[in-house]
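**Student:** One structure follows; several queries about it will come next.
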Amino acid sequence: MDCRATDRRLSRGNTLMRTFGYLIACFAFSLVLAACSSAPVAPVVRGTGDLGVVIERAKGAVTLVNTSSRSAYGRVEGLGDLSHASVVFSRDARYAFVFGRDGGLSKIDLMEGRLAKRIMQSGNAIGGSISQDGRIVVAQNYTPGGIKAFDAQTLELLSEVPAEYAPGKFSKVVGLADVPGQRFAYALFDGGEIWVSDFTNPRAPTTRRFPAGQQPYDGLITPEGRYYLAGLFGEDGIAQLDLWRPENGARKILQNYGRGQEKLPVFKMPHLRGWSIAAGQAWLPAIGRHEVIAADATTWLETRRVALKGQPVFAIASPDQRQIWVNFAHPDNGWVQVIDTLSGQVVQTLQPGRAVLHMEFTARSGNVWISARDDNKVLIYDTRSFAKLAEIDADAPSGIFFTSRAARIGF
C-alpha cells in the first residue's frame, strides 16, 4: 500500500472540506449583514408629552426637541416657506401639523422623527387649527381667501369655506381658533366680520356670520372656549363674540385699545395669540406703546398699565399664571421682561440674545424656552431663579411649540 498517495488524497479532501466550510460561513455571514442593513431602525421609545418643535424658518426645517432632557433629538427638512409658520398637534401628541406661509401643510411624526406627509393646499396661508375630536385639520388662507378642512390621518381635502363676504369679493382669513363642538372661529380682515363654521359634518360645514368692525387682524379664544376676541386694525377697540350666546352678536370691548388719537409708529403689530389670561386678568401688549395693559377678564374693563422697556410683541403667561413673560419689537428685541401677576410689577429683566422672537413654557411652568434668532440659539431658563439652564443650537429659530398644546383649547 502506497501510504504517501493516501496521505495526499486525504490532504486534498481536507483542503476541499475547509474551503467548502469557509464558503458556507461567508455566505451565511453575508445573509446576516444583508438582513441587518435592510431591517428598519426601531425608533427610540419616548413619551410624546416631553416633545416639541422649533421652527427654523430660513431653512424650511424644524428641530425636534425633548423638554425633559432639554435637548434636540432630530431635524426634519423640506417644509417650504416657514416665515410665518404655526403648529398644532394631534390629540395623542404624536403628530405635529406645520402650516407654512407658502400654503404647505406638513405632518411630522414626532416618535419616528420624520416627515409623514406634505401637501400644498393654497398659494398663501397664515396658520391653522385642529378640531376638538382631532379628526380634522383646518388651514386658514390669504389666497384664495377662506378655510380648508383636511382629514388629520390622510390630509385628504374634506371641504372648504370660501371667505366671500360680498358677491365676488373674498377676504383674507386671520385668527383661526378651534371652538368646542367641532367648530372653528375666525375673522375676515377685508370683510370686517367674525365667522363661526360648524364641521359636525366635515364634508358639509355650516357657517354663521357676525359683523366685527374695521379690519380685524388677528383673533384668539379664551381658555375655557367661551369668548372669541378679534383685534381691530382699522379702529380702536376689540370685537368680542360670546360663543355661548352667539345670538347676541359681537360687541366692542376695551374701546381705547389701539393706537388712539395719536397714531404712534408701530414697529411690530402684537399677535393676539400673544395675549394671556392669567390671575383673573387679560394681559395685552399695548400697540405702539412701551406697556402691557391689564383688564378684568370678567368685565373687560382696564385695571392697570405696566411700563416696559420697549414695544411688547408677546405677553405670555406661565401655566401657573404667576408670571407674564414679555418680548419686544426692534430695536429692543434682545430683551425679555417678567411681570408678577400678583403685584403687577416687573420683577426681572433678561437679555437672552439677539432678536428674541418667541417663548414657550413647559407644561407645569418650571422652564421657559426662548428663541434668539440672530444668535442661532434656543435658551432655556428656570422660571423661579431666572437662571439659564441650557441652550440648543438651531438655525435662525423662531416659533417654539410643545405637545402640551394638544390638550388646550385654541392651541
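**Student:** Looking at the range 54-81, which of the residues that are among the hydrophobic types (A, V, I, L, M, F, W, C) and surrounded by 16 or more Cβ atoms within 10 Å (Cβ to Cβ) is farthest from Val368 (Cα to Cα)?
**Tutor:** Filtering the range 54-81 for residues that are among the hydrophobic types (A, V, I, L, M, F, W, C) and surrounded by 16 or more Cβ atoms within 10 Å (Cβ to Cβ), the one farthest from Val368 (Cα to Cα) comes out as Leu79.
**Student:** Continuing with the same structure: Filter the range 377-395 down to the residues that are of a type outside the set (Ser, Thr, Tyr), in contact with a strand residue (DSSP E or B) (Cβ under 6 Å, 6 or more places away or on another chain) and either farther than 13 Å from Thr67 by Cα or in contact (Cβ under 8 Å) with a residue 60 or more places away in the chain (or both) and list them by number.
**Tutor:** Those that are of a type outside the set (Ser, Thr, Tyr), in contact with a strand residue (DSSP E or B) (Cβ under 6 Å, 6 or more places away or on another chain) and either farther than 13 Å from Thr67 by Cα or in contact (Cβ under 8 Å) with a residue 60 or more places away in the chain (or both): Lys377, Val378, Ile380, Phe386, Lys388, Leu389, Ala390, Ile392, Ala394, Asp395.
**Student:** For a quick check of your reading: which strands (runs of 3 or more DSSP E) sit entirely within the range 152-191 and have at least 2 residues that are under 27 Å from Arg245 (Cβ atoms) and not hydrophobic (A, V, I, L, M, F, W, C)?
**Tutor:** Filter on the range 152-191 gives 164-166, 173-179, 183-188.
**Student:** Within the range 313-325, is even one residue over 28 Å from Arg364 (Cβ atoms) and within 22 Å of the chain's Cα centre (by Cα)?
**Tutor:** no
**Student:** When the range 123-139 is examined, which residues are found to be crowded, with 24+ Cβ neighbours inside 10 Å and modelled with pLDDT of 95 or more?
**Tutor:** Matches in the range 123-139: Gly128, Ser129, Val137, Val138, Ala139.
**Student:** Restricting attention to strands (runs of 3 or more DSSP E) lying wholly within the range 364-411, give those where 2 or more residues are β-branched (Val, Ile, Thr).
**Tutor:** In the range 364-411, 367-372, 377-382 are the strands (runs of 3 or more DSSP E) which contain 2 or more residues that are β-branched (Val, Ile, Thr).
**Student:** So for the range 333-347 (the condition being farther than 26 Å from Lys388 by Cα and more than 20 Å from the chain's Cα centre (by Cα)), does at least one residue qualify?
**Tutor:** No, the range 333-347 has no match at all.
**Student:** Something else about it: Tally time: how many residues in the range 164-181 are touching a Pro at 6+ places or on another chain (Cβ under 8 Å) and either buried (at least 21 other Cβ atoms within 10 Å of the Cβ) or over 19 Å from Asp102 (Cα atoms) (or both)?
**Tutor:** Of the residues in that region, 2 qualify.
**Student:** Something else about it: Does Asp109 count as within 22 Å of Glu360 (Cα to Cα), at pLDDT 95 or above, in contact with a Ser or Thr (Cβ under 8 Å, 6 or more places away or on another chain) and acidic (Asp, Glu)?
**Tutor:** The answer is no for Asp109.
**Student:** To continue, here is another question. Restricting attention to the range 142-163, and to residues there that are within 16 Å of Asp218 (Cβ to Cβ) and touching a residue at least 40 places away in the same chain (Cβ under 8 Å), which single residue is surrounded by the fewest Cβ atoms within 10 Å (Cβ to Cβ)?
**Tutor:** Across the range 142-163, the extreme among qualifying residues is Gly145.
**Student:** Say we look at the range 234-258 and pick out the residues that are surrounded by 17 or more Cβ atoms within 10 Å (Cβ to Cβ) and in a loop (DSSP other than H, G, I, E, B); which of these is modelled with the highest pLDDT?
**Tutor:** Among residues in the range 234-258 that are surrounded by 17 or more Cβ atoms within 10 Å (Cβ to Cβ) and in a loop (DSSP other than H, G, I, E, B), the one modelled with the highest pLDDT is Leu243.
**Student:** OK, next. Any idea which of (1) in contact (Cβ under 8 Å) with a residue 40 or more places away in the chain; (2) touching a Gly at 6+ places or on another chain (Cβ under 7 Å); (3) of a type outside the set (Val, Ile, Thr) is the one Ala125 doesn't satisfy?
**Tutor:** (1)
**Student:** Looking only at strands (runs of 3 or more DSSP E) that fall completely inside the range 274-322, which ones have 1 or more residues that are free of Cβ contacts under 8 Å to residues at least 40 places away in the same chain and surrounded by 18 or more Cβ atoms within 10 Å (Cβ to Cβ)?
**Tutor:** 281-285, 291-296
**Student:** Filtering the range 323-379 down to residues that are surrounded by fewer than 17 Cβ atoms within 10 Å (Cβ to Cβ) and among the basic types (Lys, Arg), which residue is nearest to Asp50 (Cα to Cα)?
**Tutor:** If we take residues in the range 323-379 being surrounded by fewer than 17 Cβ atoms within 10 Å (Cβ to Cβ) and among the basic types (Lys, Arg), then Arg364 is nearest to Asp50 (Cα to Cα).
**Student:** If you don't mind, there's one more thing I want to ask. Any idea how many residues of the range 125-149 are touching a Pro at 6+ places or on another chain (Cβ under 9 Å), of a type outside the set (A, V, I, L, M) and within 21 Å of Asp102 (Cβ to Cβ)?
**Tutor:** 3
**Student:** Now, a different point. Mind listing whichever residues of the range 335-354 are assigned to a loop (DSSP other than H, G, I, E, B) and free of Cβ contacts under 8 Å to residues at least 24 places away in the same chain?
**Tutor:** Result: Ser343, Gln351, Arg354.
**Student:** Hey, another quick one. Does Ser398 qualify as being modelled with pLDDT under 95, within 30 Å of Phe184 (Cα to Cα) and surrounded by fewer than 21 Cβ atoms within 10 Å (Cβ to Cβ)?
**Tutor:** no
**Student:** With respect to Lys117, is the statement that it is more than 15 Å from the chain's Cα centre (by Cα), free of Cβ contacts under 8 Å to residues at least 40 places away in the same chain and farther than 28 Å from Ser365 by Cβ true?
**Tutor:** yes
**Student:** Which residue is nearest to Gly78 (Cα to Cα), if the candidates are limited to the range 104-149 and must be in a strand (DSSP E or B) and among the polar types (S, T, N, Q)?
**Tutor:** It comes out as Ser106.
**Student:** Can I ask one more? Can you find even one residue in the range 198-214 that is surrounded by fewer than 22 Cβ atoms within 10 Å (Cβ to Cβ), at pLDDT 95 or above and among the aromatic types (Phe, Trp, Tyr)?
**Tutor:** Yes, there is a match, as at least one residue in the range 198-214 is surrounded by fewer than 22 Cβ atoms within 10 Å (Cβ to Cβ), at pLDDT 95 or above and among the aromatic types (Phe, Trp, Tyr).
The values are calculated or read from the model by the stated rules, or taken from the named source; none is laboratory data. All values reported here derive from a predicted model rather than from experimental measurement. Counting neighbours? That spans all protein chains shown, and the Cβs are built from the backbone with ideal geometry, glycine included.
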